[in-house]
Amino acid sequence: MVRAGLIVFLTIAVVFTSVFSYYYLKYDHVIDQKFKGQVFSNSAKIYAIPETVQVGEKIEAREIAARLRRAGYAERDGQSFMGSYRLLNNGIEIKPGPDSYHSPEPATIRVRGGKVEAIRGQSGELAAYELEPQMITALFDAEQRSKRQLVKYDEIPKVLVDAVLAIEDRRFFQHGGVNFMRLAEAAWIDLTHQRHEQGGSTITMQLSRAFFLTPEKTVKRKIAEMLIAMELEQKFTKQQIFEFYANRVDVGQRGSFTISGFAAASQAYFNKDLKDITLPEAALIAGLVQAPSYLSPYRHPERALERRNVVLDSMVETHAATKADVEKAKATPLKLAPPNVEASDAPYFVDLVRDTVIGKLNERELNDQSYRIYTTLDPELQRVAAQAVETGMKLVDDQVTKLRTKRVKVGKKKFETQVMPGPQAQVALVAMDPHTGEVLALVGGRNYGLSQLNHASARRPTGSVFKPFVYAAAMNTAIDGTTPIFTPASMVEDQPTTFSYGDQIYEPRNYKEEYHGQVTARYALATSLNNATVKLAEEVGYDKVADLAKAAGITSVKATPAMALGAYDATPLDMAAAYTVFANSGVRLSPIMVNSVRNARGDVITDFKSDKRQVLDPRIAFLMTNMMEGVLNFGTAFPVRTRGFNAPAAGKTGSSHDGWFAGYTSNLLCIVWVGYDDYSDIRLSGAQTALPIWAEFMKKAVASPRYSDVKPFSQPTGVVDVQLDKLTNLLANASCPETYTAAFIAGTEPNQTCDQGTGVGGFFSRMLGIGGDKAAAPPGVVPPPGVAPAEDPQKKKGFFGKIVGVFKDDKPSNNPPSNPTPPPPKPPENGGNGPQ
């Protein structure tokens, strides 16, 4: 029996040794392959546009220091290659380092009473100083969709190391990779179905599983996990293993990206560098390791708080923190960074940046060489854009819910109110510097985690935001030598009209079949009259309108009547670029999102520039801006003013199946789009959907120092302002006291006075009250309470059009909603006294 027992023992020993040796050698090779080079691939880093501090700006020195810390500056010389700073009694001293975006020119900013008093550089007094650009994110791995910031063990604060060890692996620095006593305890508790807080895996075993194994729970996987853990312990120091763990562990989800590593977690949850986290913050991060989704502090704050406090108690048990410090930390609420991913990470913007850069440079080289991508994004403006979208889409959702709420019969004489199902409205916002083409903020949808479709670069029918190009083509007649010459005071017929094109007909209709007869071009644009606009396009020439639109970047247009009402597609980015033609003295600028790509030493690898093209004469561009100011001041966009945005601005509402608003000030251009992904009709106008978002965004934007210097639009040489009589649209004099001001190309303004007029502008017009600029309200006069300008009219097909058919490309413009929502009531027409 002894001999038999020995044989069995030796057989088992040989088999075990053989199997162990096989797997030991196998995993030894796997580990060597994984760790022989760089464990984590480098990644390119994406930076925002530099923030500027100006003399007279209201800001504390501590806030400037916080911005510098976020950009990688240290408090002492030599601690960071990016640079350093030193707080003074009355300001801050800044010293850029060798890795800085700027040339290493130090500066001292003096602050008194919360206001910048003076800025002094090496060359003397400065009016402003650019701070180091902040990092937005690392260029993500397209396949894994994860974001990671690598840290060394020495860069991990002791409070976080202590918190992780207290809850995950208290004997980490003593065991050899496997804590057999703890493993046995965990197995016993699992067998008896009791709850256990720590589990049986050590940090080294967790690292083994993360790097080499699947998460399935089997005995075979557990044995492999233990074997790899023991090998890792033989090959690396404890500090190296913890460093691998700190950079690899998953700590949650942000949008559609995995938060990988403690440094990324610190940025995601607290918007701060890892080195700056506090005791309660470290405990929260350590606690999330167990179940990041289940314990998400955004979705389940009560669970996260409870788990954080368990970690804090564990730190008392391991003597990593005192009882007093822990009690104070427990009383601290969860102080999380705003959960709006769009506000901080700008994921839709980053996606476009990635596409832009890898279109010119190799992605592997970008990451391996740790290139720096300096973008045009303004972090503060991005936060404002995200907040405006979040607020505005709640209003849209409320309006959509009202439209879908119906009384449904559920039985004999029984009804109940139900909300009909339907798609969720989507949104895009593009903010741009109209003089450089730099995209300063971009929101491509309402929830990046649910949908990565970027609506800022998705093509949609433009609706009435296209109309200014019809009027611009008409105003061009003042300088291109064609006749007749159109001016803002030219009369256009607004009547039901059938337009023929080829062998088809087109019958646009104004909302509620309301028509105004003879109106000025200025009035027709301000109140977005469909028939008058198509009539003007016909008189100017559809081909001329199409040529102008194509030159501005709206390439899908065709020379048809439907074009005049925005039947053809363009993206919000396309429309932002197209509107620079009006906002930038006739010069079109292509949108850019990247200024430069540099290597790790700061050397420029490649620069990106906006394409410039003169599309309009500066005088025509100013005329259009002047006319579109009227859209806000007394036309369809008047609700912008009632929402508290009072700066000089120009813009245009748009409604097709979607809602649009395009508008700009002297230093900022913004386009907003709202609609459904399935192209169904939102049944709400641009003034009801896109305009409130635009107004909220612009109101906050102009309150910030960088965009607060909003000036009246600059009038170029060759444009004159004249006072016209409202009734005759001729030059006003003392006998015609009711006037309005209009801009004209010099030489095209009316040359007769109001008391010399004939025809519709003479005696009979005064008797009958016809003609005149019906919407030219005098400055400062607004509609009475409860009365707002008419919104973009919906388009309808006439009976004849339904029989014969309309252009197939104009379906969005020609098919009205089945249950159209009426627009707000119109202001009184000022054929006499104007709006009161």
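In the context of the full protein assembly, ARG70 retains an accessible surface of approximately 80 Å², using a probe radius of 1.4 Å and ignoring ligands and nucleic acids. Legend: Rg and Dmax of the range 646-762, from Cα coordinates, 19.7, 58 Å.
Treating each Cα of the range 469-600 as an identical point scatterer and summing with the Debye formula, the log10 of I(q)/I(0) at q = 0.10, 0.16 Å⁻¹ comes to -0.37, -0.84. Annotation for the range 685-750 versus the range 597-622: alpha-carbon center distance of 29 Å. Charging the Cβ of each Asp and Glu at -1 and of each Lys and Arg at +1, and nothing else, the dipole of the range 462-576 about its Cα centre rounds to 220 debye. Remark on the range 226-301: Rg and Dmax equal 13.8, 41 Å (Cα only).
With all protein chains present, how much of the accessible area of the range 520-649 (probe radius 1.4 Å) comes from carbon and sulfur, to the nearest whole percent? Carbon with sulfur: 44 percent of the solvent-accessible area. The three principal axes of the C-alpha atoms in the range 573-730 carry coordinate ranges of 67, 46, 30 Å, sorted with the longest axis first.
Only the Cβ atoms of Lys and Arg (+1) and of Asp and Glu (-1) were treated as charged; on that basis the dipole of the range 612-671 about its Cα centre amounts to roughly 120 debye. Within the straight-line cut-off of under 16 Å between alpha carbons, the aspartates and glutamates reachable from LYS275 are GLU75, ASP154, GLU155, ASP162, GLU243, sequence neighbours fewer than 8 places apart in one chain being disregarded. Note on SER585: accessible area approximately 70 square angstrom, rounded to 10, probe 1.4 Å, nucleic acids and ligands left out.
Reported to the nearest whole Å, the Cα centre-to-centre distance from the range 213-274 to the range 57-71 is 34.
Counting only protein chain heavy atoms and rolling a 1.4 Å probe, the accessible areas of SER208, SER123, SER293 rank, largest first, as SER123, SER293, SER208. Loop-located chymotrypsin sites (Phe, Trp or Tyr not before Pro) in the range 354-447 (DSSP state not H, G, I, E or B) with no more than 13 neighbouring Cβ atoms inside 10 Å do not occur. Past 27 Å, Cα to Cα, is the threshold; run LYS58/LYS158; LYS95/LYS238; LYS45/LYS360; LYS414/LYS512; LYS58/LYS335 against it and keep the listed order. Those over the limit are LYS58/LYS158; LYS95/LYS238; LYS414/LYS512.
Only Cα sites of the range 271-400 enter the Debye sum here, all with the same form factor; the resulting log10 I(q)/I(0) across q = 0.11, 0.17, 0.21 1/Å is -0.64, -1.00, -1.14, listed in q order.
These residues, THR642, THR137, THR322, THR739, go from largest to smallest accessible area, 1.4 Å probe, as THR642, THR322, THR739, THR137. What number do you get for the range 601-689 when its Cα radius of gyration is normalised by 2.2 N^0.38 Å, N = residues? The reported ratio for this selection is 1.43. Translational diffusion coefficient of the range 514-555 (Stokes-Einstein, Kirkwood radius from Cα pairs, 20 °C, 1.002 mPa s): 190 µm²/s. Considering only DSSP states other than H, G, I, E and B, which chymotrypsin sites (Phe, Trp or Tyr not before Pro) in the range 55-158 qualify as loop sites with at most 16 other Cβ atoms within 10 Å? Sites meeting the loop and neighbour criteria: PHE81.
The count of lysine pairs in the range 535-614 whose Cα atoms are under 26 Å apart, excluding pairs fewer than 8 places apart on the same chain, comes to 9.
The values are calculated or read from the model by the stated rules, or taken from the named source; none is laboratory data. These numbers come from a predicted model, not from an experiment. FYI the Cβ positions are ideal-geometry reconstructions off the backbone, even for glycines, and counts take in every protein chain you see. Accessible surface areas use protein heavy atoms only, side chains included; no ligands, DNA or RNA. Shrake-Rupley method; radii C 1.70, N 1.55, O 1.52, S 1.80 Å.
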